[in-house]
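Report on the following structure.
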Amino acid sequence: METFNDVIAGKKLVLVDFFATWCQPCKRMHPILEEVKGVLGDRIRIIKIDVDKQNEIAAQFNIQSVPTLALFRNGELLWRVSGVVPKSELLATIDPFLSE
């Protein structure tokens, strides 16, 4: 079975959504992430980490508020932000990393 560290260690760009089921802003982020995936397709992998169920991973990255989005490649944290991010802003942020 693929672990979180396996996923972020790959060459493919990975966007991690650290969320909680009780979090209203997290619920607003979900359709935005669906739209981003629709635009970027296979050029990015988007995974969701429930901080209540995966608290060891959340602690590893010092997640203190949700939603927190983090971009990884080759195990390296490239970018991170907390809060709801509009689709256009998220796409603009990811775009430069796609060409690397």
TODO: Evaluate the following for Ser88: is it surrounded by 12 or more Cβ atoms within 10 Å (Cβ to Cβ) and more than 15 Å from Val7 (Cα to Cα)?
DONE: no
TODO: Might you let me know whether segment 53-73 holds any residue that is aliphatic (A, V, I, L, M) and loosely packed, with under 14 Cβ neighbours inside 10 Å?
DONE: yes
Task: One residue from Ala59, Ala70 being among the aliphatic types (A, V, I, L, M), more than 17 Å from Leu91 (Cβ to Cβ) and at pLDDT 95 or above - done: Ala59
- [ ] Output the residues belonging to segment 36-60 that are touching a helix residue (DSSP H, G or I) at 6+ places or on another chain (Cβ under 8 Å) and part of a helix (DSSP H, G or I).
- [x] Val36, Val39, Leu40, Arg43, Ile57
- [ ] Take the residues in segment 61-81 that are assigned to a loop (DSSP other than H, G, I, E, B) and free of Cβ contacts under 8 Å to residues at least 24 places away in the same chain, then tell me which one is nearest to Ile8 (Cα to Cα).
- [x] Asn62
TODO: All but one of (1) more than 20 Å from Ser99 (Cβ to Cβ); (2) surrounded by 12 or more Cβ atoms within 10 Å (Cβ to Cβ) hold for Leu78, so report the exception by its number.
DONE: (1)
Open item on the list: One residue is enough: does segment 23-34 have a residue meeting the conditions out of contact with any Phe, Trp or Tyr (no Cβ under 9 Å at 6 or more places or on another chain), modelled with pLDDT of 95 or more and β-branched (Val, Ile, Thr)?
Closed with: yes
- [ ] Filter segment 6-35 for residues that are in a helix (DSSP H, G or I) and crowded, with 19+ Cβ neighbours inside 10 Å and give the result.
- [x] Ile8, Cys26, Met29, Ile32, Leu33
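The values are calculated or read from the model by the stated rules, or taken from the named source; none is laboratory data. The structure displayed is predicted, hence computed values, not measured ones. Neighbour counts run over all protein chains shown; Cβ positions are idealised from the backbone, glycine included.
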